[in-house]
Amino acid sequence: MIKFGVIKEGKVPSDERVALTPAQVVDLKIIGGEQVDFNIQTSAVRRIKDSEYQSANLSVVENVENCDVLIGVKEVPISNLIPNKTYLFFSHTIKKQPYNKPLLKAILDKNITLIDWECLRDENDHRLIGFGRYAGIVGSYNGFRAFGKLHGFYELKKATDCVDRVELNLEIAKISLSPIKILLTGAGKVAKGALEVLTEIGIRKVEINEYLTQSFDEAVYCQIDFHDYFRKEDNNEFTTQEFMAKPSLFKSDFMKFARVTDFLITGHFWSSQSPFLFTREDAKSADFNIKLVADISCDIDGPIASTLRPSTIAHPFYGYDPILEKEVPFGTKDSIAVMAVDNLPCELPRDASNDFGEMFTKFVFPAFLNGDEKTILKRATIAENGAVTDEFAYLRSWVEE
């Protein structure tokens, strides 16, 4: 029997999400039968309360040391790590994040098997699990909340003050827009989450040529991906394969969109080798029209020049002065309004947790029952038997420095 423990979140600032809801744990116990059992570690932080698990006749405990596999969301504090266990959480180590090197060292020292949610992928290298959808939903909602504040058209409740998605949709119904052009970048889970909000509002989608050349008497949006806003340095044909292999051979063609866009929502993936979408010099141009950026992707000092720092759930908005290249108060005349919260799914923790748990149930849990026949778990295992695995060998010298 495999005994799973759903652990409390210990990272500061606190995270109210959880990997599995009560109903999902009940379902998993039925699916797994005698092969599995579950304990829920008590938590005063979770938005889903201990009492909700207890009402589902689930075991809520202080100590999970008797569990084999421990499931969390964010990084586990080093002091909370239990030796010789298998953990699943977002470790934020695969990009050699310096602030988490001590965490990976501790995992190795404690002979912990670490499976990283971010690395769970199918045979086509598509991610199986994550919170991207709710980052897109909350991030775009926050952008429209900022628009209402800037123009005084409406006032929306903070997403984090909504009980759930149902209440969020009641707030969305208050949105009233002037004839603006909204641009959405990306085509993955984040962008699809943002599209849910655009659809809920009832904004009409237009194609790229219409968006670039026509005026409208209503709010419209256009969705673009990297092949629409990057082009070859030599102006030869764009191929996705070449871009993925050698992004440095490409340059930005984003200004044609920036000239006609009022409100930008970013749901794209960006690597450090890729060109910027718009630079600080671009933002100074008289042709640059964007006045509001909901930067869900939130790459600091990266492809979106106005994103100088992450903002917070408590204080989600700031301004960027393109001439001075510095932060100014939100709403300052001639500034670009910025929303760059980097932990957006935390604002709707109940719904985000439910969405995450559904993906775990469908894509990940079966691997524990079938001996990991598709090597989903193996390929996502960063540490095992006190060493970094071969799949992540590039981390060995870094963690030993």
TODO: Quick one: grab the alpha carbon gyration tensor of the stretch 116-212, order the square roots of its eigenvalues as a ≥ b ≥ c, and give me rounded if a/c is under 1.5, else prolate or oblate depending on whether a/b is larger than b/c.
DONE: oblate
Open item on the list: Starting from 0.36 nm per residue, how many nanometres of slack lie between Ser178 and Val163 once their C-alpha separation is accounted for?
Closed with: 2.5 nm
- [ ] Arrange the peptides 279-285, 18-24, 345-351 so that the one whose residues have, on average, the most other Cβ atoms within 10 Å appears first.
- [x] 345-351, 18-24, 279-285
Open item on the list: Which order do the peptides 166-174, 303-311 come out in when sorted by mean C-beta neighbours inside 10 angstrom, highest first?
Closed with: 303-311, 166-174
- [ ] Let me know the shape class of the stretch 76-150, please: from the alpha-carbon gyration tensor, a ≥ b ≥ c as square roots of the eigenvalues, rounded when a/c is under 1.5, otherwise prolate if a/b is greater than b/c, or oblate.
- [x] prolate
- [ ] Once you've got the Cα coordinates, tell me which of Lys189/Lys326; Lys95/Lys158; Lys149/Lys291; Lys251/Lys326; Lys158/Lys284 are over 23 Å apart.
- [x] Lys189/Lys326; Lys95/Lys158; Lys251/Lys326; Lys158/Lys284
Task: Extension reserve of the Asn124-Gln214 stretch, reckoned as 0.36 nm per residue once the Cα distance is removed - done: 28.5 nm
- [ ] With a 10 Å radius around each residue's Cβ, average the other Cβ atoms per peptide and rank 76-85, 372-381, 5-14, highest first.
- [x] 5-14, 372-381, 76-85
Open item on the list: Per 0.36 nm of contour for each residue apart, how much would the distance between Thr375 and Glu207 grow if the chain were fully extended, relative to their Cα-Cα spacing?
Closed with: 56.4 nm
Task: Cα-based shape type of the stretch 261-346, given that a ≥ b ≥ c are square roots of the gyration tensor eigenvalues and the cut on a/c is 1.5 - done: oblate
Open item on the list: Please identify the DSSP H helices in the chain that span no less than 20 Å along the helix axis (Cα) and have a mean Kyte-Doolittle hydropathy of 0.5 or more.
Closed with: none
Task: Å³ per residue enclosed by the Cα convex hull of the stretch 339-381 - done: 95
Open item on the list: Between Thr279 and Val61, what is the label-point separation in nm under the 7 Å Cα-to-beta-carbon projection?
Closed with: 5.8
Task: Euclidean distance between Cα centres, the stretch 325-401 to the stretch 247-312, Å - done: 23
TODO: Give the long-range amide H neighbours of Val18: residues separated by 5 or more places, or on another chain, with amide H under 5 Å away, using H modelled in the peptide plane at 1.01 Å from N.
DONE: Ser353
Open item on the list: Can I get the semi-axes of the stretch 233-276's equivalent ellipsoid? Compute them from the C-alpha gyration tensor as square roots of 5 times the eigenvalues, in angstrom, largest first.
Closed with: 21, 14, 9
Open item on the list: Quick one: the Cα spread of the stretch 296-379 along its three principal axes, in angstroms, biggest first?
Closed with: 59, 26, 13
TODO: Return the whole-Å distance between the Cα centroid of the stretch 141-170 and the Cα centroid of the stretch 1-31.
DONE: 29
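Values quoted throughout were computed directly from the atomic coordinates according to the rules given, and no laboratory measurement underlies them. All values reported here derive from a predicted model rather than from experimental measurement. Cβ: placed from backbone, ideal geometry, glycine included. Neighbour counts: every protein chain shown.
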